[in-house]
Structures are given as structure tokens and as C-alpha cells.
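Read the structure below first, then the notes.
The values are calculated or read from the model by the stated rules, or taken from the named source; none is laboratory data. The structure displayed is predicted, hence computed values, not measured ones. The area values use the complete protein model at the heavy-atom level, side chains included, leaving out ligands, DNA and RNA. Shrake-Rupley method; radii C 1.70, N 1.55, O 1.52, S 1.80 Å.
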Amino acid sequence: MIGADSDDIASSIAFTAILGVVVVLGLPLFIPLLSLPKRNMACCGLTVYAVPQVLAATVPISAVSAQLGTLVSWCAC
């Protein structure tokens, strides 16, 4: 549709996957450093593009954050 060649498409998919892994691994570490409330996980639901990645990023924080992040991610689809 946009006229991108296969290298551009592959690069965008790889970048999205790598960024998702960085968020999944980094978000549980940055929550205490940034003093974010555990119930405010709408940011995770909106920044991570797949529900399983949202679960992987929010479950280590708390059950409430996992529920809220999953709800926001599911509703944003």
C-alpha cells in the first residue's frame, strides 16, 4: 500500500519486536525508579503492542497492574 520494499518491512517488524522486548524487560525495573503507581499501567497497555507482552511486563508488578494493562491493551486493538 505504501510502496515499501521488503527490507523496509522487515526492518519495521524487527524494530517493533525489539522495542517490545525492551519494554517488557525494562518496565518492571523502571516502575520503582519513576515512582509510578502500580495501578497506573495504562501506559503499558498502550505502549506494548501485544497482550502477551503486556502480561509479561505487568505481572511482576502486581495483579491489578496486569488486569488494567491487559484491559487497556485489549480495548486499544
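I need the semi-axes of the equivalent ellipsoid of the chain: take the C-alpha gyration tensor, multiply each eigenvalue by 5, square-root it, list largest first in whole angstrom.
27, 14, 9
What do you reckon, how do Phe30, Phe15 stack up by accessible area (1.4 Å probe), largest on top?
Phe15, Phe30
Hydropathy at least 1.0 by Kyte-Doolittle, axial extent at least 18 angstrom from the Cα trace: which helices of the chain, defined as entire DSSP H runs, fit?
6-34, 63-76
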